[in-house]
Amino acid sequence: MGSENVKVGETWWFALPVPTNRSAEPIDITGASIVQVPEGMEVLQYGAYSLEETEGLALLVKEGEKWTPRFAALHDHSGKPVKVAPHTSSDIYYLARLKITALPDQGARHCRFVYRQGGREFAQTLDCEVRLTGQ
């Protein structure tokens, strides 16, 4: 996932993988983040938004564009645990709001989810990457 037409000063929203619970017990996601953020890219915030309210998965969108969801006007679910029922995918997904401070020479990689299940806390790192480059 990426764009080769970024400029310094732009802000982009990048969707982390949609949480899926493959187990037989419910989970409560308590946090999500990008593990490796390169120089030139700054994470301004993380948010959790409804697939319905964003009219589908906003994989990678530039802030302020016509078709970009107006995240500031939507309900951010990241303030409390996101519940995912057994054997289902969540209808809430996490995004990182990324500011380009210099042209990055590599992508942001690996998405980490922290969750509770059965009274225990777990962390899982998934492979994901966003490359934002320019000229």
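The values are calculated or read from the model by the stated rules, or taken from the named source; none is laboratory data. Only a predicted model underlies this, so the values are computations on that prediction, with no experimental measurement involved. Virtual Cβ from ideal backbone geometry, glycine too; neighbours counted across all protein chains shown. The area values use the complete protein model at the heavy-atom level, side chains included, leaving out ligands, DNA and RNA. Shrake-Rupley method; radii C 1.70, N 1.55, O 1.52, S 1.80 Å.
Residue by residue, region 3-18 carries 3J(HN,Hα) couplings of 9, 9, 10, 7, 10, 4, x, 6, 10, 10, 10, 10, 7, 6, x, 5 Hz when phi is fed to the Karplus relation 6.51 cos²θ - 1.76 cosθ + 1.60 (θ = phi - 60°); x denotes Gly or Pro. Dividing the Cα radius of gyration of the chain by 2.2 N^0.38 Å, with N the residue count, gives 1.06. Take every DSSP beta bridge with both residues inside the chain and express the antiparallel ones as a percent of the total, to the nearest 5. About 95 percent, rounded to the nearest 5. Carbon and sulfur atoms: what percent of the 1.4 Å accessible area of the chain do they account for? In the chain, the share of accessible area belonging to carbon and sulfur is 47 percent. Which whole-number percent gives the relative contact order of region 60-134, counting Cα pairs below 8 Å spaced six or more residues apart? Relative contact order of region 60-134: 22 percent. For the chain, the Cβ-based charge dipole about the Cα centre amounts to some 180 debye (Lys, Arg positive; Asp, Glu negative; other atoms uncharged). With a 1.4 Å probe and all protein chains left in place, how much accessible area per residue does the chain have, in Å²? Computed with neighbouring chains in place, this is 57 Å² per residue.
Each residue, Lys83 and Ala24, gets one label point 7 Å from its Cα in the Cβ direction; the gap between the two is 2.1 nm. Multiplying the residue separation of Ala102 and Glu4 by 0.36 nm and subtracting their alpha-carbon distance yields 33.9 nm. When the GluC sites (Glu not before Pro) in region 38-135 are filtered for DSSP coil states and for at most 13 other beta-carbon atoms within 10 Å of their beta-carbon, the remaining sites are Glu39, Glu52, Glu55, Glu65.
Mean separation of Cα pairs under 8 Å and 6 or more residues apart, divided by the residue count, gives the chain a relative contact order of 45 percent.
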